[in-house]
Ligand SMILES: C[S@@+](CC[C@H](N)C(=O)[O-])C[C@H]1O[C@@H](n2cnc3c(N)ncnc32)[C@H](O)[C@@H]1O
């Protein structure tokens, strides 16, 4: 930024100040200007060119569009993801889900050291945040890693595929075809997977829709009016728990797909923790607990087959 600021000269500070007034945040204004500078070809990085593009983005932000969509990308753990209205904006809680899930993967590796290939599944991958994090971060796992990124939304999968090819072309550790192989597949939850994976998956992770319809109506307008409703909203569980339907579908079907040492990690809302544990026990998981997010809230079901 410092180098670019020098190129733009003193006009940059004035531009950041102008954009700050539009978007109501100096930090966001800096990100917008920095983003436009980085996108502009070197010879067009004059303050006038940058100002025109920055004002366009500031206008979108001022109209309520989430900053992440305005910028078109967002950081998730170690990777930078393209995001737009076709996908949910990846959240910090889900970064924590990846942390817990990687711990579960290492545990299953320790419990079944004879298996050479490891299989991870991310159900409802959206931008690919969870699946691509597995592929880039599980580099300490011995043997080959196969990661399945699934979604029923063809639009979302187009974004996930674009993020995968960016990672492959940047030759990120693990996604270079040698260590991890990422398969993108369309379909309703487990229907997207080939049948021969049944009983052999080491790790299933998912951040499914878990917001009840009336909770959705009370969400902030930046979420309600911009993010895909079908990525967020789920019906009630069979016991009436609001928003539990998709979590329940996944938990019930998961044991059939997991290897006997495998684990399931599913994001949820705190009020769904006890009902989700109950569904997991009824579905045959011998161990079902809840992990908390960094805010200390009950946020994930962690269910182990054995
Ligand atoms: C909460 S978003 C999570 C996206 C991404 N994994 C993340 O954490 O940022 C839920 C995702 O599940 C997908 N989805 C919703 N219902 C589904 C279903 N029945 N089968 C497969 N995918 C589904 C949505 O399209 C959406 O991409």
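Is there a residue in segment 105-112 that is within 16 Å of the ligand (Cβ to nearest atom) and either farther than 21 Å from residue 295 by Cβ or not in a helix (DSSP H, G or I) (or both)? Looking for residues that are within 16 Å of the ligand (Cβ to nearest atom) and either farther than 21 Å from residue 295 by Cβ or not in a helix (DSSP H, G or I) (or both), one finds none in segment 105-112, hence no.
Taking the options 198, 156, name whichever one is surrounded by fewer than 15 Cβ atoms within 10 Å (Cβ to Cβ) and either over 23 Å from residue 116 (Cβ atoms) or at pLDDT 95 or above (or both).
198
Does residue 127 fit the bill of being without any contact (Cβ under 8 Å) to a residue 60 or more places away in the chain, within 10 Å of the ligand (Cβ to nearest atom) and not in a strand (DSSP E or B)? Here the answer is yes, as residue 127 does meet what is asked.
Each residue in segment 277-306 was checked for being buried (at least 24 other Cβ atoms within 10 Å of the Cβ) and farther than 18 Å from residue 122 by Cβ, and 2 of them qualify. State which residue is nearest to the ligand (Cβ to nearest atom) when the search covers only segment 71-92 and only residues that are closer than 18 Å to residue 137 by Cα and crowded, with 18+ Cβ neighbours inside 10 Å. This residue is 90. All told, residue 219 meets the bar of being modelled with pLDDT of 95 or more, more than 23 Å from residue 278 (Cα to Cα) and in a loop (DSSP other than H, G, I, E, B).
Please work out if residue 257 is modelled with pLDDT of 95 or more and closer than 25 Å to residue 105 by Cβ. Spell out how you get there, then give the answer.
Values: modelled with pLDDT of 95 or more: yes; closer than 25 Å to residue 105 by Cβ: yes.
Criteria met by residue 257.
When the test is whether a residue is under 27 Å from residue 191 (Cβ atoms), in contact (Cβ under 8 Å) with a residue 12 or more places away in the chain, touching a helix residue (DSSP H, G or I) at 6+ places or on another chain (Cβ under 8 Å) and not in a helix (DSSP H, G or I), residue 98 does not pass it.
Yes/no per residue for (1) in contact with a strand residue (DSSP E or B) (Cβ under 7 Å, 6 or more places away or on another chain); (2) more than 28 Å from residue 227 (Cα to Cα); (3) within 9 Å of the ligand (Cβ to nearest atom); (4) part of a strand (DSSP E or B):
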{"position": "114", "(1), (2), (3), (4)": "no, yes, no, no"}
{"position": "120", "(1), (2), (3), (4)": "yes, no, no, yes"}
{"position": "138", "(1), (2), (3), (4)": "yes, yes, no, no"}
{"position": "146", "(1), (2), (3), (4)": "yes, yes, no, yes"}
{"position": "162", "(1), (2), (3), (4)": "yes, no, no, no"}
{"position": "167", "(1), (2), (3), (4)": "yes, no, no, no"}
{"position": "191", "(1), (2), (3), (4)": "no, no, yes, no"}
{"position": "199", "(1), (2), (3), (4)": "yes, yes, no, no"}
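Screening residue 59 with (1) without any contact (Cβ under 8 Å) to a residue 12 or more places away in the chain; (2) part of a helix (DSSP H, G or I); (3) closer than 23 Å to residue 220 by Cβ gives one miss only, at (1).
The values are calculated or read from the model by the stated rules, or taken from the named source; none is laboratory data. Computed from a prediction, not measured in an experiment: that's the story for all the values here. Cβ coordinates were reconstructed from backbone atoms using ideal geometry, including for glycine residues, and neighbour counts include every protein chain displayed.
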